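This report concerns only the one structure given below.
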Amino acid sequence: MKKFKLILINTLIFITILFVIEGIIWINENEALRKLGGLDKNNQYYAFHPGIKKFYLDLNSFPKINKGYEYGRQPVGLEYNKKPIVIFGCSYAYGQGLNSNQTLSYKLSHQAKVPAYSRSHSGWGIQHMLYQVEKPLFYEKVPEPSHAIYVYIPDHMNRLYFHSFILFDTLIEKFNLRYKEKNGELQEVKHDNFLFNQIQRLYIINKINQYIVINTPKGSKQYDFALKHFIVAKEKMQEQWKNTKYVVIFYTAKKEDVYLKKKLEENDFIILDADEMANKNLRDNEYMSRDYHPTEEAWNLITPKIIEYLNLK
């Protein structure tokens with residue numbers, strides 16, 4: 001009986017400590033989001049553990065404008081009678097904080113006189129390109145392009161391993177899209193284990209995961225995993241598109257990214273470096289917003305160089 005009481009007391013203490021830690025993290029994450037302007041218009045905290053949300057993307061509803069909110073960017077330049085380009089990536093490619101006419105896709109389209117399809121969104125990574133091009137519906141929405149362009153930033157390495165993307169997705173318990181490698185093949189992580197999901201949804205588990213991922217030095221193992229995503233996505237697109245060229249634009253690349261650049265070139269990707277093309281420090285305030293995204297000035301500088309290097313005109 002004493003042993004049972006001891007176990008019960010220790011269990012209650014553990015649950016209480018865990019609840020307090022979860023509450024502290026919840027408050028801190030909401031306050032961090034408030035500073036970035038990410039809370040809703042009523043300026044209220046997001047609910048405490050509102051319920052697990054698995055990754056879901058309906059290609060029929062992407063991109064879409066709903067009640068003034070734009071989910072993704074609409075295709076632009078459809079008036080031009082040339083082969084289009086398609087752009088993949090995260091908030092950099094999407095144009096976080098920019099009007100549609102200030103984005104990379106818009107500027108590429110109207111300066112090169114080509115249709116442009118943006119298949120990017122905030123918080124996404126290489127795996128989101130792979131997820132889309134695996135689906136037959138994708139090819140019904142995006143015609144064969146002359147170039148498929150991926151805008152890469154170093155954090156995309158981390159996003160291959162995050163359980164939930166930092167801040168907002170962590171707070172709303174939205175699981176990140178991830179793939180795992182099994183028997184040489186990439187398989188989407190389905191999150192089908194109920195018990196494991198209850199552990200993974202905890203804020204503290206996500207913070208530990210994010211800390212480990214961010215602070216783990218990226219070596220050949222991690223870069224080869226990223227490379228696998230690029231290669232498989234390219235192979236999927238090549239099944240449908242026979243004459244497309246594949247481009248990766250490295251934006252504010254790290255010196256460690258040289259390994260990935262070399263491996264991508266060996267697999268017939270065209271590699272462009274935004275910093276080298278701009279010949280400027282793209283981290284300067286003129287080219288980087290307060291929330292660390294490219295400004296319109298950055299794309300004004302880089303876009304003509306991309307057009308020149310890819311011979312889009």
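The values are calculated or read from the model by the stated rules, or taken from the named source; none is laboratory data. Just so it is clear, the model here is predicted, and its values are computed rather than measured. So basically every Cβ, Gly included, is an ideal-geometry build from the backbone, and we count neighbours across all protein chains shown. Heavy atoms of the whole protein, side chains included, go into the accessibility calculation; ligands, DNA and RNA do not. Shrake-Rupley method; radii C 1.70, N 1.55, O 1.52, S 1.80 Å.
Rounded to whole numbers, the Karplus 3J(HN,Hα) couplings from phi for the stretch 103-119 are 8, 4, 4, 5, 5, 4, 4, 7, 7, 9, 6, 10, x, 9, 10, 8, 10 Hz, using 6.51 cos²θ - 1.76 cosθ + 1.60 with θ = phi - 60°, and x at Gly and Pro. Per-residue 3J(HN,Hα) values for the stretch 186-200, derived from phi via the Karplus relation 6.51 cos²θ - 1.76 cosθ + 1.60 with θ = phi - 60°, read 8, 10, 5, 6, 8, 6, 9, 8, 4, 5, 5, 4, 5, 6, 5 Hz in sequence order (x marks Gly and Pro).
Dipole check for the stretch 1-151: with +1 at the C-beta of Lys and Arg, -1 at the C-beta of Asp and Glu, and the Cα centre as origin, the magnitude is about 240 Debye.
Any idea of the accessible area per residue across the stretch 74-122, 1.4 Å probe, to the nearest Å²?
Per residue, the stretch 74-122 has 35 Å² of solvent-accessible surface.
Which value, in debye to the nearest 20, describes the size of the charge dipole of the chain about its Cα centre when Lys and Arg Cβ atoms bear +1, Asp and Glu Cβ atoms bear -1, and nothing else is charged?
The dipole magnitude comes to about 660 debye.
Out of the DSSP beta bridges found with both residues in the chain, what percent are antiparallel (nearest 5)? It would help to have the intermediate numbers written out before the result.
Numbers: 9 of 29 bridges.
Around 30 percent antiparallel, to the nearest 5.
Nearest 500 deg cm²/dmol is fine: what mean residue ellipticity at 222 nm does the chain get from its DSSP H runs of n ≥ 4 alone, each adding -39,500 (n - 2.57), divided by its residue count? Numbers along the way, then the final one.
On the way: 13 runs with 140 residues, N = 313.
Rounded to the nearest 500, the figure is -13500 deg cm²/dmol.
Work through the residues other than Gly72 whose Cβ is under 12 Å from its Cβ and net out their charges, Lys, Arg +1 and Asp, Glu -1. Taking every other residue near Gly72 into account, the sum is +2.
What percentages make up the Cα-Cα pair-distance distribution of the chain when the bins are 10 Å wide from 0? Histogramming the chain at 10 Å steps yields 5, 24, 33, 23, 9, 3, 2, 0, 0 percent. Straight-line cross-link partners of Lys305 among the aspartates and glutamates, defined as a Cα under 17 Å from its Cα and at least 8 positions apart when in the same chain: Asp273, Asp275, Glu276, Glu296, Glu297. For the stretch 86-243, pairs of C-alpha atoms spaced more than 28 angstrom apart make up 26 percent of the total. Amide H contacts under 5 Å for Ile270: Tyr246, Val247, Val248, restricted to partners 5 or more places along the chain or on a different chain, H placed in the peptide plane at 1.01 Å from N. Annotation: amide H-H contacts under 5 Å for Ser118 (H modelled 1.01 Å from N, sequence separation of 5 or more, or interchain): Val76, Ile87.
Under the classification rounded if a/c is under 1.5, otherwise prolate if a/b is larger than b/c and oblate if not, where does the stretch 1-133 fall, given a ≥ b ≥ c as square roots of the Cα gyration tensor eigenvalues? Walk me through the numbers on the way to the answer.
Details: a/c = 3.91, a/b = 2.66, b/c = 1.47.
Prolate, since a/c reaches 1.5 and a/b exceeds b/c.
Each principal axis of the Cα cloud of the stretch 99-191 was evaluated for its coordinate range; sorted largest first, these ranges are 42, 32, 23 Å.
Restricting attention to the stretch 1-63, the count of lysine pairs at 8 or more positions apart or across chains with alpha carbons under 29 Å apart stands at 4. The peptide list 79-91, 234-246, put in order of mean Cβ contacts within 10 Å with the highest first, becomes 79-91, 234-246. Report, please, the projected area of the stretch 1-60 averaged over directions, based on the convex hull of its C-alpha atoms, in nm². Average of the hull's projected areas for the stretch 1-60 equals 7.0 nm². Take the Cβ atoms of Lys64 and Ile9, set R0 to 51 Å, and the FRET efficiency comes out at 0.45.
Keeping the other protein chains in place, figure out the carbon and sulfur percent of the accessible area of the stretch 44-124, with a 1.4 Å probe.
Working: 1810 of 3740 Å².
C and S fraction of accessible area: 48 percent.
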